[in-house]
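To start, the structure itself, in structure tokens.
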Amino acid sequence: MLPTPTLRATSSTAPDRAAWARDHFDRWYDALAAAEAVDRPDPSTWRRGELRALLERGSSDELMHVLLAEEGGDVVGVADVRCSLADNRHVAVVHVAVPPAHRRRGTGSALLAAALGVAAAGGRTTVRVRVDRPAGRDPQSWPGSVAAARWGFGAGLLTARRQLPLPPDADRLAALESAAAPHATGYRVRAYAGPVPEADLDAMARLTARMSTDAPNGDLAVEPEHWDAERIREVEAVRAAQGRHQWVGVAEHEDAGLVAYTVLVRSDHEPERLIQLDTLVLAEHRGHRLGTLVKLACLRRALVDNAAAQRVSTWNTVSNTPMVAVNEALGFVLDEFLEELEAPRERVVQTLRNRT
């Protein structure tokens, strides 16, 4: 019989989280990084300092639980559970990572069972998992995809990661801008570094809320999100605590105000990578090449402060063909897929029981 691992856990609201981080966080992160690096030349794992700050600082926007499985003093697997505190309070997002030397011994299932307990305690009825895999790998044989299917997770959302090598081709960007500009009469595009200006806060909150309704969500059970100025500032404060800096590009209509935006971030813990976060053009203002123009403005502004950056990473839903076309025109190249799969919590619990 295989040994049962000892589980150690804490959360971003637990009184012991700083002590837990002091004693266990580096071991937890080392196992996470080792698992995610297998057969992936450029894993997009959050860096050590970012995740530790998220755990120790906490956030009013999201609750984070971390679990560590240990056998004989060795870390054999880790997991985290993320629960939104503002909306979509039916969902727990679970990530399980087992280093290759400890796979196929039931560790992943034990960690998932513990994570399901955390989800149940938080009243979460839906569980979602995320699996990264290289674009050239078959999901029928990729370990994370196989495990998710074995545990009972089903259809959700398929996202593609593309990367833009830096510095970009200046002639290509200039040509794109020249072609797009005539379509954007009546709009003004601007970009800035740092927090959202006070004058834009309410409009930015409205735009961010529309990401949950206007962007494709596939088969995921997603409820509309509520955003206000306070929530925008909380997200900015969390990023600052993580050592992340942001650059924002917006498009403003002469009558309607802000109608499009995009965000780039760069971490002090990974200065060679810029990460493209949200990009949204309100449905009623599409067809004016605003996605291209805000991305161009934001990228150029970010590069003023990040001349040594080597690449930009971005993720797009595979079905979002207009935004995929924009990114490919900019020079982004596909290298990975991200599968987001979900299932009712009780179904996954029963699947684990049946397998046991």
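The values are calculated or read from the model by the stated rules, or taken from the named source; none is laboratory data. Worth saying up front: this structure is predicted, and the values here are computed from it rather than measured. In this analysis, Cβ positions are derived from the backbone assuming ideal geometry, glycine residues included, and neighbour counts consider all displayed protein chains. Just the protein is used for accessible areas: all its heavy atoms, side chains included, with ligands, DNA and RNA removed. Shrake-Rupley method; radii C 1.70, N 1.55, O 1.52, S 1.80 Å.
Looking across Arg82, Arg130, Arg52, Arg47, one residue alone is over 15 Å from the mean Cα position of the chain (by Cα) and either polar (S, T, N, Q) or farther than 15 Å from Arg8 by Cα (or both). It is Arg52. What are the residues in segment 134-156 that are under 30 Å from Val294 (Cβ atoms) and either in contact with a helix residue (DSSP H, G or I) (Cβ under 6 Å, 6 or more places away or on another chain) or modelled with pLDDT of 95 or more (or both), if any? Across segment 134-156, the qualifying residues are Pro134, Ala135. Residues in segment 15-43 that are open to solvent by 20 Å² or more (accessible area, probe 1.4 Å) and among the hydrophobic types (A, V, I, L, M, F, W, C): Ala18, Ala19, Ala33, Ala34, Ala37, Val38.
Which of (1) more than 19 Å from the chain's Cα centre (by Cα); (2) open to solvent by 30 Å² or more (accessible area, probe 1.4 Å) is the odd one out, the single condition Arg124 does not satisfy? (2) is the only condition that Arg124 fails. When segment 44-65 is filtered for residues that are open to solvent by 30 Å² or more (accessible area, probe 1.4 Å) and closer than 18 Å to Ala160 by Cα, the ones remaining, listed by number, are Ser44, Trp46. The set of residues in segment 274-290 being open to solvent by 10 Å² or more (accessible area, probe 1.4 Å) and of a type outside the set (Asp, Glu) consists of Ile275, Gln276, Leu277, Thr279, Val281, Leu282, Ala283, His285, Arg286, Gly287, His288, Arg289. Before we move on, is Ala69 open to solvent by less than 20 Å² (accessible area, probe 1.4 Å), more than 26 Å from Val222 (Cα to Cα), part of a helix (DSSP H, G or I) and touching a residue at least 40 places away in the same chain (Cβ under 8 Å)? No, not satisfied.
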